1. Of the residues A:THR309, A:THR379, A:THR358, which is buried (at least 24 other Cβ atoms within 10 Å of the Cβ), over 19 Å from the mean Cα position of the chain (by Cα) and away from chain B (no Cβ under 14 Å)?
2. Given the criteria under 18 Å from the mean Cα position of the chain (by Cα), of a type in the set (A, V, I, L, M, F, W, C) and within 12 Å of chain B (Cβ to nearest Cβ), does A:LEU336 qualify?
3. Kindly indicate the residue of the stretch A:49-80 that is out of contact with any Leu (no Cβ under 9 Å at 6 or more places or on another chain) and under 13 Å from A:GLY334 (Cα atoms) and also surrounded by the fewest Cβ atoms within 10 Å (Cβ to Cβ) among those meeting that condition.
4. Applying the selection to the stretch A:361-376, what residues are surrounded by fewer than 21 Cβ atoms within 10 Å (Cβ to Cβ) and among the polar types (S, T, N, Q)?
5. Only one of these is open to solvent by less than 30 Å² (accessible area, probe 1.4 Å), more than 8 Å from chain A (Cβ to nearest Cβ), of a type in the set (A, V, I, L, M) and under 29 Å from B:LEU40 (Cα atoms): B:LEU136, B:LEU108, B:LEU142. Name it.
6. Could you please find all residues in the stretch B:3-50 being within 11 Å of chain A (Cβ to nearest Cβ), open to solvent by less than 20 Å² (accessible area, probe 1.4 Å) and at negative phi?
7. Can you tell me which residue within the stretch B:70-87, out of those that are among the acidic types (Asp, Glu) and touching a residue at least 12 places away in the same chain (Cβ under 8 Å), is farthest from B:GLY126 (Cα to Cα)?
8. Of A:ILE370, A:ILE412, A:ILE387, which residue is aliphatic (A, V, I, L, M), over 20 Å from the mean Cα position of the chain (by Cα) and at pLDDT 90 or above?
Amino acid sequence: MTVESLFGALETLLTFETMIWVIIGVLLGIIVGALPGLGPPLGMAIILPMTAPLSPENAIILLIGIYSGSMYGGSIAAILINTPGVSSSAATMFDGYPMSKQGRAATALSISATASTIAGLFTITALILFSPFLVEIVLAVGSPERFLVAVLGLAMITVVTRGSMAKGLLAGVAGLLVTTVGSAPMSLDNRYTESMLLYDGIDFVAVLIGLFAIAEMMKLAGQTGGIADQAVDIGGGIIDGVVETVKRPLTVFKSSMIGMIVGSIPGAGSTVSNFVAYSEAVRSSDDPDSFGSGNETGVVASEASNNGTVAGSLIPAISFGIPGSSSTAVLIAGLLMHNLRPGQSMFDPSGELALTYTMLLALLVGNVIILLVGLTLVTRLGVLTRIDTNYLIPMVVVLSFLGTYALDSNPIDVVTIIVFGVIGFYMVRYNYSVIAFVLGVVLGSIAEENLYTSLQISDGSYMIFLNPIEYGWLSPLLVVAIVAILFGPFLKGRLDAYRESA
Amino acid sequence: MIPWSEGGGTDTYARQLGPLMEEELDGSVVIDNQPGAGSLRGIEWLHSQDDDGTVFGTANTPSWQFGWRLEGIDDWHPSDFEPIAYSGVFGYTIIVNDELGVSDFSELQDAYADGEVDNFAHQGTGHDSHVISYLLRDEYDLEWETAVAYDGGGEVNEAVISGETPVGIATNTSAADAVDSGNVSAIVNLMDTDIDAFPEIDQITNYGDSLAYISEFRQTQIAPPGTPEDVRQDLADAIEYAATHDEAQEWAEETGNVLEYGDIDAAADDLDGALDDLEENVDFEAFEERIDEDA
């Protein structure tokens with residue numbers, strides 16, 4: 001059955017129409033990735049409502065193509081103008097931009113394309129091979145585990161927050177508050193539903209479009225001219241880049257695995273994996289001092305990890321509807337919009353397994369496209385960073401409004417993107433974590449519903465989350481993980497202080 | 001106007017019948033999805049539209065009357081709408097995880113009575129399937145201890161398949177999906193209409209009165225208040241043409257959906273009777289109190 005689904009998926013993928021959507025998706029992804037300020041969540045969020053007329057397969061392929069393409073696209077701006085096109089390419093700047101200044105920009109860009117592709121091909125293949133076992137895991141995850149995974153995602157706020165922890169927590173709690181609007185899942189109470197427009201609460205897709213598209217455009221509007229003004233000379237050998245990457249199989253393997261594992265943790269995403277992989281490359285190097293001044297290994301590690309993250313982050317997204325990152329939050333919205341519910345049926349041969357495989361195979365093809373585009377158009381890619389914001393902003397804003405209204409024809413969604421656009425703009429300006437806010441918005445309802453269902457099953461006993469004998473080992477393990485994430489750094493600090501005093 | 005999202009059951013029907021209606025009407029049929037508030041938002045929107053027949057909608061009777069009554073909406077009344085026709089039928093069944101070894105409703109009654117199973121899955125607090133859960137316990141001797149709320153039919157399917165809550169309520173089409181997973185059976189039909197996909201299934205009417213007043217839904221086409229009868233008759237003719245067309249019937253057989261045409265008068269009778277039947281059989285105030293007590 002599984003093999004049949006795989007062949008069915010291959011058949012779907014190899015149609016002309018579907019292949020066109022893969023190509024469009026990846027190319028759009030490379031463009032939004034390369035434009036600083038337009039990340040994959042923004043690109044995906046404004047495209048999302050426009051996918052309504054497409055078949056579910058093509059819609060998801062388009063979205064995931066953008067996600068994957070942008071991971072490579074982000075390196076273009078990072079290497080050429082020392083600005084990460086997407087936050088997950090931040091570590092690429094450390095060695096990519098110095099290479100560029102040394103006249104080796106083309107080499108750095110082709111390293112990025114090659115490492116991205118190899119990591120993508122490797123992790124997606126691993127995911128396809130692993131998928132028959134995922135269904136067992138998904139079925140073992142019931143309401144209590146889903147609640148705890150959501151709480152784990154919320155606990156990750158303490159990890160993803162940079163700077164003030166109070167601000168991170170505040171952002172997360174504000175996100176949770178947004179999910180309380182609408183009819184309550186556990187009682188007949190309605191919250192703020194004087195108007196029927198708010199009966200189902202605030203649509204999280206509209207929130208995401210506001211946070212990522214409108215807020216970013218407001219920020220860009222404050223700048224003048226193109227995103228990058230200086231012209232960049234693209235020199236160096238393209239083939240050298242491929243050779244440099246292939247010469248470092250261990251770095252590619254390790255970084256893509258780091259990407260995949262970190263990506264599968266809710267809330268972590270490619271920004272985290274990117275730095276973890278880069279740090280690991282520095283740590284394990286014989287010559288750590290050469291990093292930061294144009295060491296090819298740094299670019300390989302950073303770019304392999306962010307493409308590996310794509311495969312990893314799909315695991316919680318399609319298994320439980322829990323996002324590993326903002327991009328996967330939009331992807332989940334896309335699944336729901338096309339009536340595909342994340343869960344067991346996504347891995348069930350009689351359910352949506354063929355679609356899941358089509359999506360994964362499309363990603364494999366997408367990675368090959370990245371390589372082809374990366375190696376053939378390398379010298380012309382700089383143009384993307386010089387698009388005038390006077391054209392860019394109106395396009396994105398109009399598309400965002402049109403797309404949002406098209407979601408449900410609900411006027412409240414249009415109000416939502418304006419309100420959250422303004423909120424997002426000030427959150428970024430005053431260093432409140434947007435990802436913490438998104439985690440709250442996406443996970444709030446999942447946590448609330450599953451907590452309620454779990455307590456109904458256990459007749460009100462909280463032991464359902466702790467008792468391994470009656471309810472299985474997964475819940476207590478998740479509780480331990482949550483406690484470790486929340487209190488680990490605190491305990492470690494106390495322990496260190498104790499050791500020092502001793 | 002379809003008051004549910006793209007890709008849902010009611011939307012699928014509409015997209016199937018729309019192009020065929022165009023042939024008969026010699027005009028275009030545009031599907032406008034206005035989802036929200038369990039279909040009430042779209043229906044409320046329809047209430048305010050022009051009464052010249054350019055806008056009409058599909059509402060699932062008696063689910064929308066149930067929602068309207070439970071929400072206590074004052075601004076409009078279901079009887080304000082003008083009937084056009086009905087075009088399809090669907091409704092609830094009970095699905096059971098095969099590990100329970102139950103093949104019909106009487107065996108399920110025994111399983112609950114013997115304490116082999118305690119919980120019963122429904123599709124959300126205040127949902128019509130929640131009321132049916134209470135009715136099954138009060139009037140059909142299904143002695144569950146806890147009615148567990150899930151978020152919609154998909155989650156109920158998953159809970160029954162995984163065995164977390166091994167018994168639950170599912171629409172006939174969603175039950176067919178669950179049965180395809182290999183370890184779930186549909187054991188009793190709660191509607192009066194037969195389900196072709198489950199020819200051997202037990203009937204709830206073997207154990208008491210019909211439950212169809214709350215467990216069987218017609219996809220009723222309704223027009224804004226004041227829409228003249230001649231305009232509605234034209235639409236009804238187009239719906240009849242579409243619903244009885246070979247192409248549509250073939251689709252229904254393949255997908256396990258039930259297409260059934262009812263004319264203007266049948267739709268009118270249905271609309272008139274739906275709310276009265278609900279009031280007669282369901283004590284809404286007592287139901288709300290029980291939900292609060294159980295929460």
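1. None of the others qualify; the one that does is A:THR358.
2. Yes: the conditions hold for A:LEU336.
3. Among those that are out of contact with any Leu (no Cβ under 9 Å at 6 or more places or on another chain) and under 13 Å from A:GLY334 (Cα atoms), it is A:PRO53.
4. Result: A:THR376, single match.
5. B:LEU136
6. B:PRO3, B:GLY8, B:ASP11, B:ASN33, B:GLN34, B:PRO35, B:LEU40, B:ARG41, B:GLY42, B:ILE43
7. So, considering only residues that are among the acidic types (Asp, Glu) and touching a residue at least 12 places away in the same chain (Cβ under 8 Å), the one farthest from B:GLY126 (Cα to Cα) is B:GLU82.
8. Answer to the check: A:ILE412.
The values are calculated or read from the model by the stated rules, or taken from the named source; none is laboratory data. Just so it is clear, the structure is predicted and the values come from calculations on it, not from any experiment. Counting neighbours? That spans all protein chains shown, and the Cβs are built from the backbone with ideal geometry, glycine included. Surface accessibility is based on the protein's heavy atoms, side chains included, excluding ligands, DNA and RNA. Shrake-Rupley method; radii C 1.70, N 1.55, O 1.52, S 1.80 Å.
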